[in-house]
Amino acid sequence: MKISEQCVVSLSWTLKDTLGELLDESDEPVEFLVGGGDLLAKVEEGLLGHEPGDKVELHLEPEHAFGDFDDQLLFLEPLSRFPAELEIGMAFEGLPEGCNPEAPRDRLYFVSEIYPEHVVMDGNHPLAGIALRLQLRIHAVREATEDEIGKGSLGTGFFNVQTGSPPDATLH
């Protein structure tokens, strides 16, 4: 079966920046819903028509991946508003109560720097502003179930960063 809209594809990958530095890798295949919210649009576009056993190489500019870096999404917040076990790289859904009221509440924020009295929270995706080279290996393709199509996702969004993950966690 070839990859088309509304199917499930099983992928493994290697993700590097344009200098060749390894950013993420998965040797074990992971299933994604094509035609839902699991994959970046350019990744889906690059996969269409391929079948198990194929390898696909993609170059993604920031606007087709995780966007440009936006310095307006950096916020200096009081350290006292955060848990004592705060570490660089930790993620939070929104900022804690008492932080900048103008900061978008529906974003994932990452701790980028910790000072004695303040913490820098970054609302950019960790890969924002970076051009990416993605090598995909297609392991399997199957029809999506009605339930999967109805949900619009298998819950494994590509580079879905988990809240509270340690700084060296992979981005899948």
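A short reminder: the numbers here are calculations on the coordinates, not readings from a lab. Here the structure is a predicted model, which is why all the values come from computation and not from measurement. Glycine also receives a Cβ, built like all others from the backbone with ideal geometry; neighbour counts cover every protein chain displayed.
Of note:
- In region 95-109, the residues that are buried (at least 16 other Cβ atoms within 10 Å of the Cβ) and closer than 11 Å to Phe75 by Cβ: Leu95, Cys99, Ala103, Arg107, Tyr109
- Flag for Phe75 being closer than 21 Å to Met121 by Cβ, among the aromatic types (Phe, Trp, Tyr), surrounded by 12 or more Cβ atoms within 10 Å (Cβ to Cβ) and in contact with a Pro (Cβ under 7 Å, 6 or more places away or on another chain): no
- Search result, residues across region 124-148 that are surrounded by fewer than 17 Cβ atoms within 10 Å (Cβ to Cβ) and not in a strand (DSSP E or B): Ala128, Gly129, Ala131, Thr145, Glu146, Asp147
- For region 56-107, residues that are more than 28 Å from Leu132 (Cα to Cα) and either in contact with a helix residue (DSSP H, G or I) (Cβ under 6 Å, 6 or more places away or on another chain) or in contact (Cβ under 8 Å) with a residue 60 or more places away in the chain (or both) total 3.
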